[in-house]
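Structure, as structure tokens:
The values are calculated or read from the model by the stated rules, or taken from the named source; none is laboratory data. This structure is a prediction, so every number in the text was calculated from the model and none was measured. Neighbour counts are summed over all protein chains in view; Cβ atoms, including those assigned to glycine, are modelled from backbone coordinates with ideal geometry. Heads up: the accessible areas ignore ligands, DNA and RNA and are worked out on the full protein's heavy atoms, side chains in. Shrake-Rupley method; radii C 1.70, N 1.55, O 1.52, S 1.80 Å.
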Amino acid sequence: MNNLQVMRIASINITIEKAKEIQFPSAADCNSPCWWREGEMRVLTSTGHPVLSAGEDLYHLTRIGEITYTAWRDGGRWIESVYPDEDGTLYGWYHNEPAHLIGEEYQQGRQFRLTAPMIGAVVSRDNGATWDDLGIILNGGPKTLNLEQHNYWFAGGNGDFSVILDRERRYFYFLFGTYYRDVTQQGISIARMRFEDRACPVGRVQKWHNGGWTQPGLLGAVTPVIPVQADWYSPQPDTFWGPSVHWNRFLQQYVILMNRAIDPRWGQDGIYLSLTPDISDPHSWTPPVKILDEKGWYPQVIGLEEGDTDREAGESARLFIHGVSRYILRFSS
């Protein structure tokens, strides 16, 4: 690729510019949320257990150390999104992979233990160092598991997600992967929770299904907003997953980046982008368009203006893939 690449999506021009490489101080295997407090930027990166870093800006981050969970939960927890409240409380949401969900009889000859991810909520009152578990809020349940035709890692579940509060501060929207046995429920799905339920979230999340917010977050069915092109559990799957979303104040639209898997071990076809002016309307997303041939997972942006995060950016933003940034995205209309 040349140092500069320009493409057009709907009425938006996106320029992809090569830049000096930067990376988070610790390895990242999921979306890596960040926030600001008292002039300091903080970032969580996770590879099964989150690590906290901080600094004066995105270019001067230093590793602080692993965070502390005050309650045990089976399997790893990757914190993928946060929301800093005005009173200093920090809410977060994690991807959990239960280690003992799938019986040993289904694990024979596998390098990795099969699991079915779930999404849970946490809260921190010390700026991200210690987290209390608020419970699981999104899952698929036993009836969604596929124990006959295995994906390389998953046998079902809800995970690989991001969360954003709408501009009216009414709802948190969850964009997440659904790995159900039923192919019509596979892909990128969406759910929402009222803003006032953030401190007591269990049972308060509603999934989008058949044109409405009609299904519970726990055990509920979904209608994906971006369905798979080929079954996750087939020899040649074709599906988008791992969405990261931010509000772009320059475009006045939500920008969603995602991966596209094309083999059972989740080999990637590239990085894709979709737009919507209204996160509450699941039909309003533009068709995903490839912006890069990069094969890494977990694309996300972090804005470059003061106070920008992974949830909000302006005309320019650093593009991170698997915790490393080699590009700047510049938006124009």
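Annotations for the structure displayed:
- Test result for residue 242, at positive phi and crowded, with 23+ Cβ neighbours inside 10 Å: yes
- Condition check for residue 121 on (1) buried (at least 16 other Cβ atoms within 10 Å of the Cβ); (2) in contact with a helix residue (DSSP H, G or I) (Cβ under 7 Å, 6 or more places away or on another chain); (3) within 17 Å of residue 90 (Cα to Cα): one failure, at (2).
- Residue 316 surrounded by fewer than 20 Cβ atoms within 10 Å (Cβ to Cβ), free of Cβ contacts under 8 Å to residues at least 24 places away in the same chain and small (Gly, Ala, Ser): yes
- Of the residues 263, 269, 278, 308, the single one that is of a type in the set (Asp, Glu), open to solvent by less than 10 Å² (accessible area, probe 1.4 Å) and either without any contact (Cβ under 8 Å) to a residue 24 or more places away in the chain or at negative phi (or both) is 308.
- Only strands (runs of 3 or more DSSP E) whose full extent lies in region 48-148 are considered here, and the ones with at least 1 residues that are β-branched (Val, Ile, Thr) are 50-55, 61-66, 76-84, 118-124, 130-138.
- Criterion: open to solvent by 50 Å² or more (accessible area, probe 1.4 Å) and either of a type outside the set (Ser, Thr, Tyr) or at negative phi (or both) - qualifying residue of 42, 73: 73
- Filter result (part of a loop (DSSP other than H, G, I, E, B), over 14 Å from residue 102 (Cβ atoms) and open to solvent by less than 40 Å² (accessible area, probe 1.4 Å)) within region 149-168: 166
- For the residues 138, 145, 134, the requirement of being in contact with a Cys (Cβ under 8 Å, 6 or more places away or on another chain), surrounded by 18 or more Cβ atoms within 10 Å (Cβ to Cβ) and farther than 17 Å from residue 28 by Cα singles out 134.
- Leading residue by the ranking (farthest from residue 36 (Cα to Cα)) among those in region 49-70 that are open to solvent by 20 Å² or more (accessible area, probe 1.4 Å) and either of a type in the set (Val, Ile, Thr) or under 18 Å from the mean Cα position of the chain (by Cα) (or both): 70
- Test: residue in region 18-30 that is of a type in the set (A, V, I, L, M) and part of a strand (DSSP E or B): yes
- The set of residues in region 193-229 being open to solvent by 30 Å² or more (accessible area, probe 1.4 Å) and in a strand (DSSP E or B) consists of 194, 206, 209, 213, 214, 215, 216, 218, 227.
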